[in-house]
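Step one of this worksheet: look at the structure below.
The values are calculated or read from the model by the stated rules, or taken from the named source; none is laboratory data. Computed from a prediction, not measured in an experiment: that's the story for all the values here. Positions of Cβ are backbone-derived with ideal geometry, glycine not excepted, and every protein chain shown enters the neighbour counts.
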Amino acid sequence: MSETAIKFKKKVKASIPKDWLGEIRITQRILIETIKGIYRTGWINIAIITTMAAILTIFGALFRTTISVSEFTKQMGNTLEISVYLKPDVTPEHISSRVKELEHVEKVTVFTKESAWAKMKSEMDVAEMSNPLPDTLHVRVDKPENINEVYEKIKPIPGVEDLTYAKDIAKRMETFTTVVNTMTLIVVIFVAILTIAIINNTIQLVIQNQKEEIEIMRLMGVSNWYIKIPLILQGAIYGFVSALIALIPMNFVQNGLVKVHEFFMIPSPMLAANIVTLTLFVIAIGFGAGGSMLSIKKHLKV
């Protein structure tokens, strides 16, 4: 190294506060201890990461499917409408404006009795007679689960003679959505329990292998966090790598669901893949680090 370079290095070193240098050394040491912990675990790392990746793949596939099912339900729900039949002496536009003010109402379409009668005569062979049809409103609701609430609010409006909607279809769609959401929640709990159990056993092995070193560090007055952080980072790294591997099969799931959407001509949810990917990493890293912290509390008295 040239004399100029040596002088420059000394000058830079002198300009950095000593506290910063200490923090950098501590951070460096923590990272080294984290890598050592992973290295000591040996081939078990493969088993841990593979198992976690498989669990995350199951969760990711179900979560991504749930998003698609919600989109299908939403699109199908948009086809569910309440047909509102009006009394002869009311103005359809007046009732329509009142219905539009109701919560959860997305759209109101007016079908006058004249246009409905003309359409019927063009499609069917109808005998010459006076128009028996009422003015009708077709009310579209934002979500299928809100259709009954809107139905009950429209019912007492003066000028409304009768109203109907496909109750059975709406009920089945609501039940189906509830079942899918419940299954997703169960899988999240299942992922949490399995991940924490796996990490707990792994960190326990690391603690046992480093028991003497940890005791020496404690006798030297080393901070408890200095002992804990490498173990927490180790769990987080397991989660991060597992999530990376889980993205490979998740790509096939994503492509498959996109083709299903294309087949039924229903647009695939925007940013669905990004949302699932972010959720996978958050859950994997969170549960990995959380499992390590629980293990430290259980097996390491610091």
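Being more than 17 Å from residue 162 (Cβ to Cβ), surrounded by 14 or more Cβ atoms within 10 Å (Cβ to Cβ), in contact with a strand residue (DSSP E or B) (Cβ under 8 Å, 6 or more places away or on another chain) and modelled with pLDDT of 85 or more is a property that residue 105 has. Summed over the stretch 236-291, residues that are of a type in the set (D, E, K, R) and touching a residue at least 24 places away in the same chain (Cβ under 8 Å) total 0. Looking only at residues in the stretch 74-97 that are out of contact with any helix residue (DSSP H, G or I) (no Cβ under 6 Å at 6 or more places or on another chain), surrounded by 16 or more Cβ atoms within 10 Å (Cβ to Cβ) and not hydrophobic (A, V, I, L, M, F, W, C), the one that is modelled with the highest pLDDT is 96.
Would you call residue 264 of a type in the set (Phe, Trp, Tyr), at negative phi and either at pLDDT 85 or above or crowded, with 17+ Cβ neighbours inside 10 Å (or both)? Spelling it out, it is not the case that residue 264 is of a type in the set (Phe, Trp, Tyr), at negative phi and either at pLDDT 85 or above or crowded, with 17+ Cβ neighbours inside 10 Å (or both). The single residue among 30, 26, 46, 58 that is part of a helix (DSSP H, G or I), within 28 Å of residue 201 (Cβ to Cβ) and modelled with pLDDT under 70 turns out to be 30.
Within the stretch 258-290, the set of residues being of a type in the set (A, V, I, L, M), under 17 Å from residue 184 (Cα atoms) and in contact with a helix residue (DSSP H, G or I) (Cβ under 8 Å, 6 or more places away or on another chain) comprises 272, 273, 275, 276, 280, 283, 284. If you take the residues in the stretch 267-279 that are assigned to a helix (DSSP H, G or I) and out of contact with any Ser or Thr (no Cβ under 8 Å at 6 or more places or on another chain), which one is surrounded by the most Cβ atoms within 10 Å (Cβ to Cβ)? Top of the filtered list is 276.
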